[in-house]
Amino acid sequence: MNVNSRKLKRVVSNIILFMVSVILVIGFYWHETFYQLGLLPLVIVGGLATYIVLKVITWSANEFMTISTHPEGTLLVSEEEAKGIIAGSITRLARPLRKGRMRAGTLYDVRTNMFQDPIVRVVITDIRRFRLEKLREGDLPENFKDAQEFREYWKKKHGTDVLRIISFRTLKRII
């Protein structure tokens with residue numbers, strides 16, 4: 001999912017949320033003795049207030065409840081990648097294409113070693129499959145200068161032309 005489609009999805013969901021809020025307030029209008037403001041001010045003010053309350057509830061549920069759930073797996077990284085993830089300078093990683101259940105919206109613990117405690121928890125925001133020759137500069141992990149450097153590294157380390165780029169955002173620093 002690209003950035004524009006995510007923004008469009010966000011805008012549409014906010015419009016729907018606002019419309020539900022307005023419909024709820026219109027329903028309350030029938031209780032005239034409690035609402036003497038009139039229909040238009042009641043719909044605008046009440047709809048906006050209901051929208052804000054619902055938005056705060058959904059935001060807090062998305063941000064805080066996700067952190068308390070258990071991660072679905074572990075994302076192994078190098079020491080260099082771990083430092084970048086903690087600093088916030090790395091938000092994409094390249095990994096060999098494998099069968100697996102990793103999908104957008106799931107939580108993963110980041111570790112440099114399977115026998116060590118997780119350093120940080122991330123939520124996967126996007127997973128895309130690429131052929132090495134079709135990889136563009138904007139798709140690269142941030143710890144590479146250009147596509148040619150990445151292609152050479154990838155061929156030397158993995159010897160395959162197919163890879164996945166995993167995008168994520170850091171939720172909680174554990175250490």
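The values are calculated or read from the model by the stated rules, or taken from the named source; none is laboratory data. Model, not experiment: these values are computed from the prediction. So basically every Cβ, Gly included, is an ideal-geometry build from the backbone, and we count neighbours across all protein chains shown.
Here is how the numbers come out for the structure above:
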{"item": "Where residue 154 falls short, out of the listed (1) closer than 26 Å to residue 6 by Cα; (2) of a type outside the set (Ser, Thr, Tyr); (3) surrounded by 15 or more Cβ atoms within 10 Å (Cβ to Cβ)", "result": "(1)"}
{"item": "Failed criterion for residue 77 (all others in (1) surrounded by fewer than 18 Cβ atoms within 10 Å (Cβ to Cβ); (2) β-branched (Val, Ile, Thr); (3) more than 18 Å from the chain's Cα centre (by Cα) hold)", "result": "(1)"}
{"item": "Complete set of residues in region 69-112 that are over 23 Å from residue 150 (Cα atoms) and not in a loop (DSSP other than H, G, I, E, B)", "result": "73, 74, 107, 108, 109"}
{"item": "Residue check, residue 135 surrounded by 15 or more Cβ atoms within 10 Å (Cβ to Cβ) and either in contact (Cβ under 8 Å) with a residue 60 or more places away in the chain or on the phi > 0 side of the Ramachandran plot (or both)", "result": "no"}
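Let's see how each residue does on (1) of a type in the set (S, T, N, Q); (2) in a helix (DSSP H, G or I); (3) touching a strand residue (DSSP E or B) at 6+ places or on another chain (Cβ under 9 Å):
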position: 124; (1), (2), (3): no, no, yes
position: 133; (1), (2), (3): no, yes, no
position: 149; (1), (2), (3): no, yes, no
position: 156; (1), (2), (3): no, yes, no
position: 164; (1), (2), (3): no, no, yes
position: 167; (1), (2), (3): yes, no, yes
position: 171; (1), (2), (3): no, no, yes
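Every residue, every condition in (1) over 19 Å from the mean Cα position of the chain (by Cα); (2) over 30 Å from residue 14 (Cβ atoms); (3) at pLDDT 85 or above, yes or no:
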| position | (1), (2), (3) |
| --- | --- |
| 56 | no, no, no |
| 88 | no, no, yes |
| 111 | yes, yes, yes |
| 122 | no, no, yes |
| 153 | yes, yes, yes |
| 160 | yes, yes, yes |
